[in-house]
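Some notes on the structure that comes next.
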Amino acid sequence: MQYLIIDRRPAELTSLPKPVRRLLRKLRDNLWLSGAAIALLSATFTFTVIANLSLAQLAENHFADMQVAMLSLPRPQSEDITIVLIDEKTVMKYPYRSPLDRSLISDLLQALEAKSVAAIGINVLFDRPTEADKDLRLYQQLRSTSVPVVLSKVSSSSGFSAEQVWFANEFVGNLRTGLSLIYRDPVDHTVRASLLRQVQRRTVQLGFAATLADAVGVELPPQKSIAIDYRMGPDPFTPPFPIYAAHEVAALPAAALENRIVLIGSDLGSASRLRTPLSVLDDGFNNDLPGVVIEAHILSQLIENRSRATTSARDTFLVTLLMAAIGCIVSLIPVTLVIKLVISLALLPITCPSLKAR
């Protein structure tokens, strides 16, 4: 008698290689192995989405910024760094606002030197001439000041014209200069990191804050870039660094500035401010920071040898895998949905170490 043998397996499975068919049978017969496979696939999918979709990255960045703004520990106000801001009230005392009147910078240098500051960082660009007598006075004063002075460097890679670069090089030649190397995230334009050094024409050029730190004898870390560990003030009403308007400096007592590193920069409206993780606390402008203030945060971090822990791609994937595994395990427990929810919430603290590391 002849029998007709019918293969009842789906055509899709019969076309698969034998090792794959054996794996699928094991997954079908073993509930826990199935859960592990689902967790792995879920973690891989989630990690890939977060890493490649700008919308998901935006949400991830916002969550990380909330942690920085709300969970960072308060610190005493810095005793090493003071900020001098050229604001609207300051420029109103001079005949023009752009470029900044060179006599303003000269007067500041003279006043700060008289108050025995430790060093001066001028986060102002000198990329074009103004009045000849004022330019000459500042040119000479920069080279005769008895305290270390660091100036912002003008670079063609930053979009300046050849004429601007030439004038800047002539004006600040043979002086300490540092590039502005703070990094704006391309997704949401928030400043979370900064380069410490950059190679230009086979020469290593330090960033502005790194040059200042080097000028006062701070040993710089070996890495090329750092995640900025924003310094929080001691309370919501006290800034992390003493801040004075430029037109108030001459009237300050010497003790307010003695042995401090003074950073000079402008704060002339929203155009001169950058978004930071602290900006999530309000509508943005109040906690957007002038570039010179961000440089002060970087300098403080270098002086105190602080670092902000970040999570590597591997660690992020492992945490995602752990959370997916927990979800699968909880879903397989034969209890009611309410109890599963309670168990999930109870297991959530397992992920806390990863949250602190970010």
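The values are calculated or read from the model by the stated rules, or taken from the named source; none is laboratory data. All values derive from a computational prediction rather than experimental measurement. Cβ sites come from the backbone with ideal geometry, for glycine too, and all protein chains shown count toward neighbours.
Data table
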| quantity | calculated |
| --- | --- |
| Meets criteria (at pLDDT 95 or above and either in the same structural domain as Leu257 (by TED's automatic domain parsing) or surrounded by fewer than 19 Cβ atoms within 10 Å (Cβ to Cβ) (or both)) for Lys93 | no |
| Considering residues of region 56-90 that are outside any helix (DSSP H, G or I) and among the small types (Gly, Ala, Ser) only, the residue modelled with the lowest pLDDT | Ser72 |
| Region 158-178, subset assigned to a helix (DSSP H, G or I) and farther than 25 Å from Pro148 by Cα, residue nearest to the chain's Cα centre (by Cα) | Ser158 |
| Test set (1) surrounded by fewer than 20 Cβ atoms within 10 Å (Cβ to Cβ); (2) in a helix (DSSP H, G or I); (3) modelled with pLDDT under 65 - Thr320 fails condition number | (1) |
| Members of region 235-275 found to be part of a helix (DSSP H, G or I) and out of contact with any Phe, Trp or Tyr (no Cβ under 7 Å at 6 or more places or on another chain), listed by number | Ala246, His247, Glu248, Val249, Ala250, Ala251, Ala254, Ala255, Ala256, Ala271, Ser272 |
| Residue match in region 214-223 (condition: at pLDDT 95 or above, surrounded by 13 or more Cβ atoms within 10 Å (Cβ to Cβ), over 22 Å from the mean Cα position of the chain (by Cα) and not small (Gly, Ala, Ser)) | yes |
| Ala251 without any contact (Cβ under 8 Å) to a residue 40 or more places away in the chain and either hydrophobic (A, V, I, L, M, F, W, C) or under 24 Å from Ala114 (Cβ atoms) (or both) | yes |
| Residue within region 117-125 that is without any contact (Cβ under 8 Å) to a residue 12 or more places away in the chain and assigned by TED's automatic domain parsing to the domain that holds Gly217 present | no |
| Index of the failed condition, Asp133 passing every other in (1) buried (at least 17 other Cβ atoms within 10 Å of the Cβ); (2) not in a strand (DSSP E or B) | (1) |
| Top-ranked residue of region 179-213 - restricted to ones that are among the β-branched types (Val, Ile, Thr) and not in a helix (DSSP H, G or I), ranked as farthest from Leu289 (Cα to Cα) | Thr203 |
| Conditions (1) surrounded by fewer than 21 Cβ atoms within 10 Å (Cβ to Cβ); (2) out of contact with any Leu (no Cβ under 6 Å at 6 or more places or on another chain): number failed by Thr145 | (2) |
| Residue satisfying condition, being among the basic types (Lys, Arg), within 16 Å of the chain's Cα centre (by Cα), within 21 Å of Pro74 (Cα to Cα) and modelled with pLDDT under 75, within set Arg275, Arg308 | Arg308 |
| Any chance Val187 is crowded, with 17+ Cβ neighbours inside 10 Å and either in contact (Cβ under 8 Å) with a residue 12 or more places away in the chain or touching a His at 6+ places or on another chain (Cβ under 9 Å) (or both) | no |
| Residues of region 257-283 satisfying the condition of being among the hydrophobic types (A, V, I, L, M, F, W, C), closer than 23 Å to Val124 by Cα and surrounded by fewer than 22 Cβ atoms within 10 Å (Cβ to Cβ) | Leu268, Ala271, Leu274 |
| Residue match in region 96-118 (condition: surrounded by 14 or more Cβ atoms within 10 Å (Cβ to Cβ), among the aromatic types (Phe, Trp, Tyr), over 26 Å from the mean Cα position of the chain (by Cα) and assigned to a loop (DSSP other than H, G, I, E, B)) | no |
